[in-house]
Structures are given as C-alpha cells and as structure tokens.
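Below is one structure, written out as structure tokens, with a few remarks after it.
The values are calculated or read from the model by the stated rules, or taken from the named source; none is laboratory data. Being a predicted model, the structure only gives us computed values, none of them experimental. Glycine gets a Cβ as well: all are built from the backbone with ideal geometry, and neighbour counts include every protein chain shown. Only protein heavy atoms, including side chains, enter the accessible area calculation; ligands, DNA and RNA are left aside. Shrake-Rupley method; radii C 1.70, N 1.55, O 1.52, S 1.80 Å.
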Amino acid sequence: MKKYLQIIAVLGAALSLSACGNLKNSNLANNAKTSTNTNTKTYQTTETGNNGYTVLLKNGHYVTSPITGLTATSNDNSVDTRELERGLVQISKGVYSPNSYVFQEGQYINTTVANDWLGRKAKSNPLGLNPELGSKKKYNPYYLEEIIEQDFLNGSGSSYHIAGMSIGLAINSVDYYQKKKDGPEYQMAISRSNQKQYGQKIAQEIVTRLRKKKALKNIPITIGLFSKESKDSLVSGTYFLSGTAAANSSKISKWKTINTQTEVLPTIGGKKAINSNDASSFNSFKESIQNYFPNISGVTASLRYENGKLVQENISITTQFYGYEQIQSFTRLVLSTAKKYLPNNVPLEIKIGSVNDIQALVAKESGDSSYQVHIYGGE
C-alpha cells in the first residue's frame, strides 16, 4: 500500500487542496460554535476561492480520508495521484455546486472496507471487487487499483450533514503479474471497453453497498471511472466516464463520457503532439531559456486537454546551478520568456529546481490572471 511520494506529491497535494478551497489564504469563518464540552464537535469552514469548494474543518482541523493512498497492488503510478483527486473534484462540481455544498474528504469508507473491496473475490473475501485469480491458462487481471471518496455537506454552525458523495474508481489500463514467486514480470493490457464494462459493473455494486448505511440512503452518489496509466508513464491517467445514482436510487441510469487527454512535451518516439501550436510554443520557450543558460538539465511540460481544448500546462525545469543571483536572474528570464511564448489564456505552473530542491515557482491560476513569482529562500 503506497503513500504519497516526497516533494512532487507534496506539491500535488497542496495544489489539489487549493481546488477545493483556498487554504493558503483562508480565514476561519465566524460560524463555529464554541463549547466547554470537549466531546461536542465544533465546525469551521475555510474561505472559498477560485470557484472552489469551501472546506469543512472539524475542531479546527482538516479532516483526511482514511483510505487515501490505499492501492490493490504495488504497481501504482505516482503521477496519477493528483489527477485522480483533481478530476473527481471537477466532476463533482457538475453535480454538487460549490455555492451550495461544503467539501470534506471521505469519511464513510474505512480502511478495512477499502482493503476488502480492493482485494480479489474469494471465499476468504466475498466483498472483493477484483475477480478471482483464474488459472495458469486464463489469468484474471486486477481491474480496480484504487478508491477515493469525497463528501459534500450542507449545514451551518455546529450542525453539518452529508448531502452528496463522489467516488473515484481508478481502473488499471495495464496489470503487472508474476506466474510464480520471484519469476519474471508479465503485463496484461486492459482495453478501454473492458475498463468501461468492469468499471460500470463494480460502480453499481458499490452504490448498492453504500445504500446500506443509514446516512447514505437518501443522497445522490456520483461515480467517476478513471483510467490509470502504466507504472512507468510520464503522463497521468484521466477520467473517462461519470454517472450519478439519484437520491433513493441504487442505479446509475445514465453515464456521461468525459473527453480528457494528457501529454508530456517534448514527445518521444516520433509521437505526434495533440496540438502542434502548443508544442511549437513550448519548444520556442524551451530553446530560448536553454540558449540563455546552457547548464540546464531538462525542460518538460505536462499538458491537459478537455474536449480538445488546452486547460492546464505545467512545466518543470531542472537546473545545475545553485547561486542565489543565478536563480534570481534565471527566474526573471523564465517569467519574461513565458509571457512571450506560452499561451496566455490558460493556467500555467513553472517549477524551477535542482535534482534535490525546488528553487522557484512561476505561475498563474487562470487564463486572465497575472503571473506570480516565488523564489525559495529569497526575498
């Protein structure tokens, strides 16, 4: 069972939280009820920002989900983590308006249940949502790799109640296995049609199981199906389907196709870029900063498209210098070059760092906002 990985995951988690509520600049709202009884729960909410969710705090603390980071196998891909969470928030916004609901990480699926569900179905684990192992001639892959839960609540003061729930199901596109212990590793590709078929099947089963909980009988439950990439992929997986079981119903009657694509630039192996103009602007940016500072180890970009439109671009620049003035000068160059070459109508994030440390961040949160610059350890 994996947990988040060091600095990239820490940054990803922080940015994921900012999609739910503006935690960095938040003030606690004045709707918390104080009490001298230490057994009485008090609630506060963060200030919402950037069309995100207000986040519910309990007794002054952010509440984490107990199942975050649990996976079915050890073949998980760390680049999927942020997109799995971020994408589910985006799906949820279409069902649970940030103006009407507050956000809290999932609290209804506990660790024991999640481990049972992620396991294979067997006599010893009848709740397993992955198929039985099968035979030597017909191996059954692990389909379901990870489950995440997000809760949406209504209320005020010291009283909040669950009013909606979203579940993200990460479905493997490749399963890795061994035919015998310490033997060679084999791969089994899982087609999108099989991902869809199996994902929809277990989604219905999960809704049925959740309905057995009293608090979840009469709320809408949204399920998103996420396609995980191979474990050595440089790009994250994406959600491809979502559906909602209406309150009082255990059936998802309609599924919505989600058209999201991700890629890393520069492309490798002669692969054609999703959008040649975006690839060209990145290459111009890359060449310009490399010509100015020759001791740069690498420049890569991760792009996300929704319905064919670029909606996010993240760039990582690895440097081989550490001097304060060098970083200051280079960061100013990156800022001016980004304004010159990169698209001005999408959110952008440019991380500058050595192999071991992040040195600077240049970013803008929306298409019409100005860039913000932060140099770590600087002024």
Of the conditions (1) in contact (Cβ under 8 Å) with a residue 40 or more places away in the chain; (2) open to solvent by less than 20 Å² (accessible area, probe 1.4 Å); (3) not aromatic (Phe, Trp, Tyr), the single one that Asn75 does not satisfy is (2)
Kindly provide the set of residues from the stretch 90-117 that are buried (at least 22 other Cβ atoms within 10 Å of the Cβ) and assigned to a helix (DSSP H, G or I), ordered by number.
Ile91, Ser92, Ala114, Trp117
Cβ-Cβ below 8 Å, separation at least six or inter-chain, first residue in the stretch 355-371 and in contact (Cβ under 8 Å) with a residue 40 or more places away in the chain and over 19 Å from Phe330 (Cβ atoms), second among the basic types (Lys, Arg) and part of a strand (DSSP E or B): which pairs?
none
Please work out which residue is farthest from the chain's Cα centre (by Cα), limiting yourself to the stretch 367-379 and to residues that are loosely packed, with under 12 Cβ neighbours inside 10 Å and part of a loop (DSSP other than H, G, I, E, B).
Glu379
Confirm whether Lys364 is open to solvent by 30 Å² or more (accessible area, probe 1.4 Å) and among the charged types (D, E, K, R).
no
Thr262 passes all but one of the listed conditions (1) in contact with a strand residue (DSSP E or B) (Cβ under 7 Å, 6 or more places away or on another chain); (2) at pLDDT 95 or above; (3) of a type in the set (Ser, Thr, Tyr); the exception is number (2)
If Lys123 passes every condition in (1) under 25 Å from Lys231 (Cβ atoms); (2) charged (D, E, K, R); (3) surrounded by fewer than 13 Cβ atoms within 10 Å (Cβ to Cβ) but one, which one does it miss?
(1)
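Within the stretch 130-152, does at least one residue satisfy the condition of being on the phi > 0 side of the Ramachandran plot and without any contact (Cβ under 8 Å) to a residue 40 or more places away in the chain? Break it down into steps so the answer makes sense when it comes.
Going residue by residue through the stretch 130-152, those that are on the phi > 0 side of the Ramachandran plot are 134.
Then keep just the ones that are without any contact (Cβ under 8 Å) to a residue 40 or more places away in the chain; that gives 134.
Checked against the condition, which is being on the phi > 0 side of the Ramachandran plot and without any contact (Cβ under 8 Å) to a residue 40 or more places away in the chain, the stretch 130-152 yields at least one hit.
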For the stretch 316-361, name all the residues that are modelled with pLDDT under 90, among the aromatic types (Phe, Trp, Tyr) and either open to solvent by less than 30 Å² (accessible area, probe 1.4 Å) or in contact with a helix residue (DSSP H, G or I) (Cβ under 7 Å, 6 or more places away or on another chain) (or both).
Phe321
Strands (runs of 3 or more DSSP E) within the stretch 263-363 that include 1 or more residues of a type in the set (Phe, Trp, Tyr)
296-306
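Given Gly69, Gly87, Gly52, which one is under 18 Å from the mean Cα position of the chain (by Cα), touching a residue at least 60 places away in the same chain (Cβ under 8 Å) and surrounded by fewer than 21 Cβ atoms within 10 Å (Cβ to Cβ)?
That would be Gly69, the only listed residue that is under 18 Å from the mean Cα position of the chain (by Cα), touching a residue at least 60 places away in the same chain (Cβ under 8 Å) and surrounded by fewer than 21 Cβ atoms within 10 Å (Cβ to Cβ).
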Subset of the stretch 267-299 (residues that are surrounded by 15 or more Cβ atoms within 10 Å (Cβ to Cβ), under 27 Å from Ser329 (Cβ atoms) and free of Cβ contacts under 8 Å to residues at least 40 places away in the same chain):
Asn283, Lys286, Ile296, Val299
Take the residues in the stretch 126-169 that are over 15 Å from Thr71 (Cα atoms) and of a type in the set (Asp, Glu), then tell me which one is most open to solvent (accessible area, probe 1.4 Å).
Glu132
